[in-house]
Amino acid sequence: MRAYPELLDLSLTQIAKLIKRREVSPVEVVEATLARIADVDPKLSAFITVFDEQARQVARAAEMLIMAGHDLGPLHGVPIALKDNVATQGQRTTAGSKILADWLPAHDATVTSRLRRAGAVFVGKLNMHEFAWGGTSDNPHYGAVRNPWNTDRFPAGSSGGSGAAVAARACFGAIGTDTGGSIRLPAAVNGIVGIRPTYGRVSNHGIVPLAWSMDTAGPMTRTVEDCALMFGVLAGHDAADPVSARVPTHDYLARLNDGIKGLRIGMVPGYFFHHLQPAVHASVMAALKLLEGAGAEIVEVDIQNIHGNISAQLTIESAEPSTYHQRWLRERPGDYGADVRTLLEVGEMFLATHYLQAQRYRALLRHEFMQAFERVDIFLCPTLPFAATPLGAMAVVIENGVEEDMLSAIMQYTGVPSLTGLPALAVPCGFDADGLPIGMQLIGRPFDEATLFRVGAAYQALTDFHTQVPPI
């Protein structure tokens, strides 16, 4: 029997193989995970609900099936956690809010049911920015999530609990949701991997919405291989989701180790490598050069209208949530945290002309990227322009000692895939002088997540940033 915490330093893929070969029991793995949650979550506030007894029961059932020769799928017996805006049948799903504090969904979200069918053991529901409307995961109802690399720093958001839990070895993988960057941002500052799928690739059915036209859900893991494995379980058409795409899926592991020789990586020099903290600039440029040395070709690309993306994103990501929350905002305004209530009130001030102009810009930006993909296979840029800020900070210093608003600064790079509906993979690529993780973002063609995984895997084969363990 392997000891805790040794089991938890294995990747999701490694633990799944050991379970399949009966070299380790699902019960052992779940018990080790629950022990880890008990150890670290008082310091992190990453979980809203922990499924102690249910997880143990499911683990025992998973072990009995394995011993009887039955394999449920690639996640059989593996501890997974869900962001708390993802519905779980009969179990509290709060969306990080007071308003839904007692909501017991009648049905699973589609991503929940797909993970169940693949054999996942759910160990809990993860803390988040209230209703996913914010980038800090400083939750007034369930506690501020903290970064496991330094608990005085933020974990980003809105999937901050997902990012912190995966990095802290409190689960082998987690589900996050991403509207303006809420998977990729926590992935970057917590030193893990996360993918925002192509819009429509993964079902949103049963997930509490933020902004309908940009919402996505995806896996957050410690390695690219793990992310690809989980993604294969989640991806695919869902008749219950009206925007779910009827596009064939792939075996996302099949070409993971094919290398990147001849692959064309695009960079937008006037935007993607502008206005960065020095450590972020150095780490992402070093990653670009490393990939070039592995055989990729670097191509400079001009995206003429890229500079308007933050304004357009904030317009859409303000108007659509305020539409969803309109009734609650009038009937229960005091039940919102101050920051989210303010954002929802501001969203009501936008005119229809503002929203429609933002949507017109969105179509233009997507067109420019689709034209650019005739010259390149992917784009590479930072995930965000700074490392984790102090907990509770509402401003950030990026360069020249000038303080900037956190919300707009945090969206500098993640807004591009959000607006265009393109897939984007966040991969750790370094650490700053304080030992805080730095991440890069790979942006791909629609429904070409397989290429992103291939590039990410090639990068991780050359580096060890993803193997580092936070000190918590």
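Read the figures in this text as sums done on the coordinates, not as results from a lab. These figures come from a predicted structure and were not determined experimentally. Every residue, glycine among them, receives a Cβ derived from its backbone with ideal geometry; neighbour counts consider all protein chains shown.
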Subject >> Antiparallel bridge percentage (DSSP; both residues within the chain; nearest 5) >> reply: 70
Original post:
Which FRET efficiency value, to the nearest 0.05, is calculated for THR463 and SER311 with the Förster distance at 30 angstrom and r the Cβ-Cβ distance?
Top reply: 0.30
Original post:
What does the helix-only formula give at 222 nm for the chain: each DSSP H stretch with n ≥ 4 adding -39500 (n - 2.57), the total divided by the residues, and the result rounded to the nearest 500 deg cm²/dmol?
Top reply: -11000 deg cm²/dmol
**OP:** Report the semi-axes of the equivalent ellipsoid for segment 356-426 in whole Å, largest first, where each axis is √(5λ) for an eigenvalue λ of the Cα gyration tensor.
**Re:** 28, 15, 10
**OP:** Could you state the orientation-averaged shadow area of the convex hull built on the Cα atoms of segment 14-131, in nm² to one decimal?
**Re:** 7.3
Original post:
What translational D, rounded to a whole number of µm²/s, comes out for segment 6-467 from Stokes-Einstein when the hydrodynamic radius is the Kirkwood one over Cα pairs, at 37 °C and 0.692 mPa s?
Top reply: 151
Original post:
Going by average Cβ neighbours within 10 Å, how do the peptides 270-282, 143-155 rank, with the highest at the top?
Top reply: 143-155, 270-282
Original post:
Check THR88: other-chain or 5+ apart residues with amide H under 5 Å from its amide H, H built from backbone geometry?
Top reply: ALA109
Original post:
Mind listing the phi-derived Karplus ³J(HN,Hα) values for segment 34-51, rounded to whole Hz, using 6.51, -1.76 and 1.60 with θ = phi - 60°, and x for any glycine or proline?
Top reply: 5, 5, 5, 4, 4, 6, 9, 5, x, 8, 10, 6, 7, 10, 8, 9, 10, 8
Original post:
For segment 273-337, what does the equivalent ellipsoid look like in terms of its semi-axes, each the square root of 5 times an eigenvalue of the Cα gyration tensor, given largest first in whole Å?
Top reply: 42, 16, 11
Original post:
Which loop trypsin sites (Lys or Arg not before Pro) in segment 336-422, with loop taken from DSSP, have no more than 15 other Cβ atoms within 10 angstrom of their Cβ?
Top reply: ARG375
Original post:
Dividing the Cα convex hull volume of segment 330-472 by residue count, how many Å³ per residue is that?
Top reply: 187
Subject >> Cα-Cα pairs of segment 117-191 separated by more than 20 Å (percent) >> reply: 22
**OP:** Please list the non-local residues whose amide H lies under 5 Å from the amide H of GLY176, H modeled 1.01 Å from N, same-chain partners needing a gap of 5 or more.
**Re:** GLY218, MET220
Original post:
Count of lysine pairs in the chain with Cα atoms under 26 Å apart, counting only pairs 8 or more residues apart in sequence or on different chains?
Top reply: 10
Subject >> Phi-based couplings in Hz for segment 414-428 (Karplus 6.51, -1.76, 1.60; Gly and Pro marked x) >> reply: 6, x, 5, x, 4, 6, 8, x, 7, x, 8, 10, 9, 9, x
Original post:
Taking θ as phi - 60°, what are the ³J(HN,Hα) couplings along segment 394-406 by the Karplus curve (6.51, -1.76, 1.60), each to the nearest whole Hz, with x for Gly and Pro?
Top reply: 10, 9, 9, 9, 9, 7, 6, x, 8, 7, 10, 4, 4
**OP:** Name the residues whose placed amide hydrogens come within less than 5 Å of the amide hydrogen of GLU297, ignoring near sequence neighbours (fewer than 5 apart) on the same chain.
**Re:** GLY262, LEU263, ARG264, ILE265
Original post:
Which order do LEU425, LEU288, LEU75 fall in if you start with the one that has the fewest other Cβ atoms within 10 Å?
Top reply: LEU288, LEU75, LEU425
